[in-house]
1. Among residues belonging to region A:439-453 that are open to solvent by 80 Å² or more (accessible area, probe 1.4 Å) and without any contact (Cβ under 8 Å) to a residue 40 or more places away in the chain, point out the one that is nearest to the chain's Cα centre (by Cα).
2. Residue under question is residue A:371, and the condition is that it be in contact with a helix residue (DSSP H, G or I) (Cβ under 9 Å, 6 or more places away or on another chain), touching a residue at least 60 places away in the same chain (Cβ under 8 Å) and either part of a loop (DSSP other than H, G, I, E, B) or more than 25 Å from residue A:525 (Cβ to Cβ) (or both); does it hold?
3. If you go through region A:292-339 one residue at a time, how many are in contact with a Pro (Cβ under 8 Å, 6 or more places away or on another chain), charged (D, E, K, R) and within 15 Å of DNA strand B (Cβ to nearest atom)?
4. Go through (1) under 34 Å from the mean Cα position of the chain (by Cα); (2) open to solvent by less than 70 Å² (accessible area, probe 1.4 Å); (3) small (Gly, Ala, Ser) for residue A:168 and report which single condition fails.
5. Within region A:233-255, identify whether any single residue is within 20 Å of residue A:205 (Cα to Cα) and surrounded by fewer than 16 Cβ atoms within 10 Å (Cβ to Cβ), and answer yes or no.
6. Can you pull out the residues in region A:655-679 that are surrounded by fewer than 19 Cβ atoms within 10 Å (Cβ to Cβ) and in a helix (DSSP H, G or I)?
7. Within the group A:214, A:199, A:203, which residue is within 16 Å of DNA strand B (Cβ to nearest atom), open to solvent by 40 Å² or more (accessible area, probe 1.4 Å) and not small (Gly, Ala, Ser)?
8. Can you tell me how many residues in region A:599-614 are open to solvent by less than 10 Å² (accessible area, probe 1.4 Å) and either under 18 Å from residue A:679 (Cα atoms) or in a strand (DSSP E or B) (or both)?
Amino acid sequence: MEPLDELELLMEKSFGEEAALPEELFQKKLVASFPRIVLSRGTDNRYLVLAINTVQNKEGNCEKHLVITASQSLENKELCILRNDCSEPATRQMLIGTVLHEVFQKAISNSFAPEKLRELAFQTIQEIRHLKEMYRLNLNQDEIKQEVEDYLPAFCKWAGDYMHKNSSTDFPQMQLSLPSDNNKDNSTCNIEVVKSVDIEESIWSPRFGLKGKIDVTVGVKIHRGCKTKYKIMPLELKTGKESNSIEHRSQVVLYTLLSQERRTDPEAGLLLYLKTGQMYPVPANHLDRRELLKLRNQMAFSLFHRISKSATRQKTQLASLPQIIEEEKTCKYCSQMGNCALYSRAVEQQMDGSSVPIVMLPKIEEETQHLKHTHLEYFSLWYLMLTLESQSKDNKKNHQNIWLMPALEMEKSGSCIGNLIRMEHVKTVCDGQYLHNFQHKNGAIPVTNLMAGDRIIVSGEERSLFALCRGYVKEINMTTVTCLLDRNLSVLPESTLFRLDQEEKNCDIDTPLGNLSKLMENTFVSKKLRDLIIDFREPHFISYLSSVLPRDAKDTVACILKGLNKPQRQAMKKVLLSKDYTLIVGMPGTGKTTTICTLVRILYACGFSVLLTSYTHSAVDNILLKLAKFKIGFLRLGQTQKVHPAIQKFTEQEICKSKSIKSLALLEELYNSQLIVATTCMGINHPIFSRKIFDFCIVDEASQISQPICLGPLFFSRRFVLVGDHQQLPPLVLNHEARALGMSESLFKRLEQNKNAVVQLTVQYRMNSKIMSLSNKLTYEGKLECGSDKVANAVINLPHFKDVKLELEFYADYSGNPWLMGVFEPSNPVCFLNTDKVIKIFSSAGCNPSDIGIIAPYRQQLKIINDLLAHSSVGMVEVNTVDKYQGRDKSIVLVSFVRSNKDGTVNFFLNLFYIIDLPSREHESLCHILGDFQRK
DNA sequence: ACTCTGCGGAGAGGA
């Protein structure tokens with residue numbers, strides 16, 4: 001309990017309205033609901049809650065503010081603040097459930113002895129992924145430990161009851177008749193759990209259209225009279241209330257269907273409640289299975305028909321979700337209530353002939369009353385575009401092939417390798433990561449597209465071993481494929497033949513939809529973003545730097561500013577003065593990365609916390625590589641696989657390993673000690689973001705990110721800076737209709753119409769004046785300028801230029817190829833030409849091969865060029881697609897074009913190609929150039 | 001058709 005202080009008084013306005021209901025009404029309500037209730041303060045305190053308000057505190061966490069009173073007259077109001085009320089979707093019980101599952105699973109293949117159980121429990125709660133969840137939920141490690149330990153005696157009891165006994169009648173009696181038994185009179189039997197066959201068995205069943213993971217697969221003996229039946233069946237663990245409910249039992253029935261992919265029908269499963277050690281048998285009757293599959297099919301049908309085409313106007317629109325159920329109670333506790341109401345209001349209620357149960361209307365209205373019409377429209381438009389786009393991606397997939405096509409046939413497409421045998425031992429990297437080596441049955445591994453880092457699905461060649469596990473390729477050479485898999489396959493016979501299939505790209509619709517949903521929430525942060533982004537509220541700026549710059553940071557900041565050019569300095573100032581957002585237009589070669597790095601240094605010097613994000617890992621790391629030189633500590637989050645080697649030591653994984661972090665306190669210390677946190681804009685599901693709020697969020701490559709993705713990191717900061725260049729390619733959108741509806745408009749572009757939020761970086765250091773003039777005239781309205789005379793006049797340095805020139809003149813090469821002369825003439829920076837032999841000549845003229853870059857539009861073409869180079873004398877020339885070059889510099893860049901089809905046309909994609917200067921994705925500029933070129 | 005980047009996941013409980 002706290003008295004109303006200044007800050008809270010500020011909030012009083014908002015809850016004042018709710019509390020302003022006539023006092024008598026409250027009095028009546030009070031009397032009606034609690035006729036003889038005594039309100040009192042002190043030890044036996046009993047208060048009446050007059051109003052509840054959810055607010056966001058300074059740390060960005062949710063607090064519930066209750067206006068309460070202990071006086072019958074309701075006069076003396078007090079404020080009660082409920083803190084650490086963590087978000088519902090991830091709860092304490094879920095975490096405890098996960099931990100207990102793991103402990104039990106370890107115990108069943110180890111031992112249920114009390115001391116062993118305690119050891120396993122202790123180990124498990126020290127694992128970093130569980131510590132991270134505890135951090136997310138703001139829990140106390142000791143409390144969790146205690147709560148886990150409270151379950152252990154029941155574990156022991158269960159093992160004592162069901163495992164290892166002398167005679168079959170010592171096992172507990174149960175009522176279970178299997179569908180195949182056919183005798184209903186004797187359902188009594190004794191159940192013995194013989195062994196654990198598998199843990200977390202992962203099964204995909206195309207036949208039933210289901211997939212799932214089975215907690216424990218157990219070998220069970222069913223003793224009935226003198227007969228004994230052996231069955232391998234699913235055992236489902238539950239840590240919550242011992243409900244033996246229809247939901248729990250249905251889950252087990254579904255597992256009996258999954259099991260049929262691997263072995264004969266178990267006909268039944270087991271349901272074990274770990275709180276008590278009580279176990280229930282669940283027979284899988286045909287009719288139950290049939291009903292469950294019917295439900296599955298209904299669900300699948302509506303997921304498949306998320307979009308409909310209206311017959312009259314030929315317009316695509318979102319379809320209705322299955323009818324809302326008319327049960328307020330069920331909805332009350334549903335985690336999807338908000339989304340459900342939002343979709344109903346924004347989409348379904350806008351359609352002709354839509355019907356919403358009348359009882360649910362007030363609830364839907366209440367959930368969405370904070371949203372304006374513009375917000376609902378933004379939501380439904382983006383929901384439609386995202387759905388269209390994800391369906392386009394879905395159509396490109398042909399995942400059926402992986403179970404319908406034999407590996408030998410699939411290999412032709414290059415996305416599969418079959419006939420593999422597991423070699424030697426499996427190395428356990430950590431829980432859930434196992435290193436496997438595979439070799440081909442006949443020696444060499446066939447030609448394949450599979451590369452290190454690719455996600456894969458591992459199956460046995462036999463159909464019954466389909467989709468055993470997943471993981472990714474760690475290394476691949478002529479003879480061996482090394483993979484990191486989520487399950488240990490050494491339980492299977494050595495002779496098992498495996499196949500690896502490239503996993504279809506997971507077209508992520510969840511992250512953007514989640515962000516979109518969050519944007520519609522009734523919170524302070526979301527409201528602000530809605531104002532700025534949807535309603536185009538003008539961004540505000542403060543007037544004087546003195547109010548943001550701490551006195552003791554002034555010198556440092558001034559010193560850093562000295563190294564910048566004019567537009568860069570303006571950018572720094574603008575950001576510091578911003579209360580909402582700033583957009584930095586980074587034209588090609590203007591030192592975007594340096595500018596961002598400097599910005600971070602300044603913010604750091606001022607003591608601001610910064611969230612640094614970008615679209616790609618490489619762009620994030622490019623900034624961090626520069627930042628590391630200035631001794632600024634940072635924390636790099638995200639997939640370690642993709643993190644730059646020099647940045648690895650700053651990743652959470654590495655730090656946790658080197659500091660051997662095994663307690664929540666140490667983890668909290670790590671998270672709290674870092675002012676700068678860096679990750680991709682997709683990597684925002686990290687626990688740190690549910691507890692921290694940053695002063696600034698910087699998003700690099702912002703003109704390439706679609707709005708709902710770019711939104712993600714913005715929720716975790718007070719203001720944001722988008723860095724990009726809308727003249728470069730917009731976000732990639734495959735679906736034509738989605739593009740036509742505006743899906744390729746980035747947040748950067750949308751907000752750019754607020755001119756006062758924009759600063760342009762115009763001084764460039766990459767191109768000499770001739771190269772620059774191309775993009776300057778065609779795209780940048782002459783705004784670009786060279787950073788110095790040195791930049792303006794820079795030409796390629798070829799120390800052996802004269803020798804090569806002589807050589808060319810001497811041999812027939814030159815007379816046969818007169819154009820070659822022009823190519824390596826340093827004063828000739830831009831040429832269109834045939835590119836045979838060029839690299840060799842540049843190389844022999846003294847150009848370092850690593851200063852040469854080759855770009856080609858097609859992957860296969862890159863492969864061929866790479867192979868040719870590998871067999872030639874010139875090494876270390878980098879060959880890549882445009883996108884991979886990511887705004888880096890090379891002294892010489894060769895672009896290889898190709899056209900190899902019968903009608904000799906250049907396709908749409910190739911029409912968008914660019915040459916000279918190589919910031920990422922400047923295809924559009926090329927379009928201008930080529931157009932211009934052809935006209936001339 | 002081709003080009004592209006990000007993502008652990010199915011299930012942990014609740015009523």
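1. The selected residue is A:451.
2. yes
3. 0
4. Only one criterion is unmet by residue A:168, namely (1).
5. Scanning region A:233-255 turns up no residue that is within 20 Å of residue A:205 (Cα to Cα) and surrounded by fewer than 16 Cβ atoms within 10 Å (Cβ to Cβ).
6. A:655, A:656, A:657, A:658, A:665, A:666, A:668, A:669, A:670, A:671, A:672, A:673
7. Being within 16 Å of DNA strand B (Cβ to nearest atom), open to solvent by 40 Å² or more (accessible area, probe 1.4 Å) and not small (Gly, Ala, Ser) holds for just one of A:214, A:199, A:203, which is A:199.
8. Result for region A:599-614: 8.
The values are calculated or read from the model by the stated rules, or taken from the named source; none is laboratory data. Remember, predicted model here, so these are calculated numbers, not experimental data. Cβ atoms come from the backbone with ideal geometry, glycine included; neighbour counts cover every protein chain shown. The protein model used for the area step is the full one, side chains on, heavy atoms only, and it has no ligands, DNA or RNA in it. Shrake-Rupley method; radii C 1.70, N 1.55, O 1.52, S 1.80 Å.
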